[in-house]
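Notes follow the structure.
Read the figures in this text as sums done on the coordinates, not as results from a lab. Small disclaimer: the values here were computed from a predicted structure and weren't measured. No Cβ is skipped: glycine too gets one built from the backbone with ideal geometry, and neighbour counts run over all protein chains shown.
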Amino acid sequence: MSDTQETNLNNNEENVQTTEPRKAIDPSLEGIQLFYEQNKKAVNYIGGGLLVAIVAFFFFKFYYLPEQENEAANELFWAENYFEVDSFNLALKGGIMVNSADGAKQMMGFEQVAENYGITKSGNLANYYAGVCYMRTGNFEQAIEFLRKYSGKDEIISSIALGAIGDCSMELNRVDDAVKYYTKAAQNSRNAFTAPIYLKKAGFAHEQKGNYANALEVYERIQKEFPRSEEGREIERDIAKVKALGNL
């Protein structure tokens, strides 16, 4: 026998000796235990992946997201201060130096807060503020873009955001869009503050299109549903006007 053949034979013998025989599955196992034994590798692989996913979820929800929310709220604070005094460009773009608790820092505007912290509540609210800033500075297309991104659950703010899209649409002479968003704003919250305001605006938009019957329907709804609102107390005049204009 050659040296090469002898070496191969020895290696084969070592492989036979070192390879552990596969254990037979206990025939007495059943149910979950049997399933596990039959699919042990797959179960362990999936279980490890699931554990990683659970750890990542809890890290995101209880550590990362609260930290991001706190940062966003702090940034929003400065922009809101300028928004309240009608400094809309500063509130929107930021850029100036402010003195924070951590020292001097460059202020973020609503636009940057919305971009950097979009997953947070404050970042979402920054979309609303940015939209209003753009609207107040006459940039109606940009205003609509940001207002559409806002998805808050606050009934008043969400209604105002929808109504503001209607206002921008009117400025852009998109009257049909304005009617749609004014109606959405009124239906979004049936409170006596915003609902009659946007119903009145929807009625006026109908008038601009010459749809006097539709305007009458909206005005009569205000009269019936919100008679004590400011719009309700004055709506009789508008009802008489559209009846005359439309020969209704």
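Need the full-extension length gain, GLU217 to ASN173, defined as separation in residues times 0.36 nm minus the C-alpha distance. One decimal, nm.
So the extension gain works out to 13.6 nm.
Quick one: grab Rg to one decimal and Dmax as a whole number for segment 57-140, Cα atoms only, in Å.
Cα radius of gyration and Dmax of segment 57-140 are 13.2, 43 Å respectively.
List, in the order given, every pair from LYS201/LYS243; LYS153/LYS184; LYS201/LYS224; LYS149/LYS200; LYS180/LYS209 whose Cα-Cα distance in the structure shown is over 19 Å.
Exceeds cut-off: LYS149/LYS200.
Expressed in nm to one decimal, what extension gain is obtained for the pair ASN74 and ILE157 from 0.36 nm per residue of sequence separation less their Cα-Cα distance?
27.9 nm
Rounded, prolate or oblate: pick one for segment 120-182, where a ≥ b ≥ c are the square roots of the eigenvalues of its C-alpha gyration tensor, a/c under 1.5 means rounded, and failing that, prolate if a/b is larger than b/c, else oblate.
Oblate.
Whole percent per 10 Å bin, from 0 to the bin with the longest distance: what is P(r) over all C-alpha pairs of segment 153-248?
Reading upward from the zero bin: 19, 48, 30, 3, 0.
For segment 118-205, which trypsin sites (Lys or Arg not before Pro) are both in a DSSP coil and crowded by at most 14 other Cβ atoms within 10 Å?
LYS153, ARG190
Peptides 122-128, 72-78: what's the order by average Cβ count within 10 Å, highest mean first?
The densest-packed peptide leads the list: 122-128, 72-78.
What order do you get for 230-240, 154-164 when each peptide is scored by the mean count of other beta carbon atoms within 10 Å, highest first?
Peptide ranking by packing, descending: 154-164, 230-240.
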